[in-house]
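For reference, the structure discussed in these notes is given below.
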């Protein structure tokens, strides 16, 4: 038997919607994903190669 439903799924995904929106943007999506990985300590460098656009940090930006 499964627990939860639509409302539980929505509540679980709601915090990630801003990142999901970035995932759909050409050129910046990979940079955003890599910066989140860097902040979490998964990788040391979040640099990307062209044609991707580098992620420019601004104060208050957090993944």
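List of remarks:
- Check on residue 8, in a helix (DSSP H, G or I), at pLDDT 90 or above and more than 13 Å from the chain's Cα centre (by Cα): yes
- The range 25-63: number of residues that are modelled with pLDDT of 85 or more and in a loop (DSSP other than H, G, I, E, B): 15
The values are calculated or read from the model by the stated rules, or taken from the named source; none is laboratory data. Worth saying up front: this structure is predicted, and the values here are computed from it rather than measured.
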